[in-house]
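Where a number appears in this text, it was derived from the coordinates with a stated rule and is not lab data. If you're wondering where the values come from, they're calculated on a predicted model, not measured in any experiment. We place every Cβ from the backbone using ideal geometry, glycine too, and count neighbours over all the protein chains shown.
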Amino acid sequence: MNSFILVLPMAQIKKILLAKNGRKFYVRDASKDYHTQFGFIGKKDLAKKEGSAVSSNTGEAFTILKPQFIDIYRRIKRDAQIISLKDIGIIIAETGINKSSRALDAGSGSGALACFLAHLVKEMVTYEIRDDFIKIVEANKQFLNLKNLKIRKKDIYAEMDDKNLDLIILDVPEPWKALDSAKKGLKPGGFLVSYSPSIPQTIDFVNAVIQGSDFAHLKTVEIIEREWQIEERRVRPKTKGIGHTGFLSFARKI
Ligand code: SAH
């Protein structure tokens, strides 16, 4: 018999049902029975405490859980291409940002990167030029209940109103145009990371960093994630996975 995990309240997502095979079911209204393709879970069972094992009417097992940050994060609104978790991971690891850090990203897009980092750092600021994207970021900020995320309507190529930052991440079409702003915003030794999907942007950014006198270029990387399928002894890379996302260039203010 399968067993599943059911997840409980945070923001609008009340509970999560988590299955043994890793499948998750998000329960928004725990006052009604919840239907899945593996049968339904009655509202009385949905009211049980975190960690409870419950069964659907067809006998499938689920675990009831409270949603954690990552469960909710995976449900944010996304309009622009958002930065992937593998790329967020390397930014955190290479810069060592933590709960006392102050960081800024531009442009916000859907705010995926800004929201993830806000969850980790002391203060997160995000710059965006388009009102439609700012609305999405505001909705995601509410959805994740992030109090330390400041959303500003600003053009990173021309404006920098924040100072003494530990980290700035650029995800804009022409990142080399943001070098002056990055210099103004960062503290000495602060990190500048630029994410670009294609190589011409990466080349122009890195060459501008190398030719200028304000930053040291550390490295440019591409993170490749390959997921494996493991079913007893049928073990091989999955045929579908994350394709190319982008190149990440790391620099430090000198
Ligand atoms: N990293 C984001 C996605 C960014 S998409 C995420 O994870 O969700 C790129 C965004 O940059 C777009 O929303 C675009 O409107 C914005 N943008 C483009 N030029 C900009 C500029 N000069 N200043 C601020 N934002 C800019």
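Quick look at the values:
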item	result
Dipole-positive endmost among Ala80, Val221, Ser101 within the chain (Cβ charges, Cα centre)	Ser101
Cα centroid separation - region 39-71 against region 210-244, whole Å	34 Å
Helix-only [θ]222 nm of the chain, DSSP H runs n ≥ 4, -39500 (n - 2.57) each, per residue, nearest 500	-6500 deg cm²/dmol
Angle between the chain longest axis and helix 85-95 axis [Cα atoms, degrees, rounded to 10]	50 degrees
Karplus (6.51, -1.76, 1.60) ³J(HN,Hα), θ = phi - 60°, over region 45-59, in Hz, Gly and Pro reported as x	5, 5, 7, 5, 6, 3, x, 5, 8, 10, 10, 7, 5, 9, x
Over 19 Å [Cα-Cα, region 10-67], rounded percent	13 percent
At 1.306 mPa s and 10 °C, Stokes D of region 93-149 from Kirkwood alpha-carbon radius, µm² per second	141 µm²/s
Under 20 Å from the Cα of Lys20 - lysines, other chains or at least 8 residues apart	Lys48, Lys49, Lys66, Lys238
Cα-Cα over 30 Å, subset of Lys24/Lys187; Lys154/Lys253; Lys122/Lys219	Lys24/Lys187
Label-reachable residues, region 59-82, where backbone N falls under 16 Å from a point 7 Å from Lys44's Cα toward its Cβ	59
Compactness relative to 2.2 N^0.38 Å, alpha carbon Rg of region 150-254	1.35
Tilt relative to the chain, helix 131-144 - C-alpha long axis, 0 to 90 degrees, to 10	50 degrees
Extension gain, Ile90 back to Asp180 (0.36 nm per residue minus Cα-Cα distance, nm)	30.0 nm
Acute angle (nearest 10 degrees) that the helix 199-211 long axis makes with the longest principal axis of the chain, alpha-carbon atoms	40 degrees
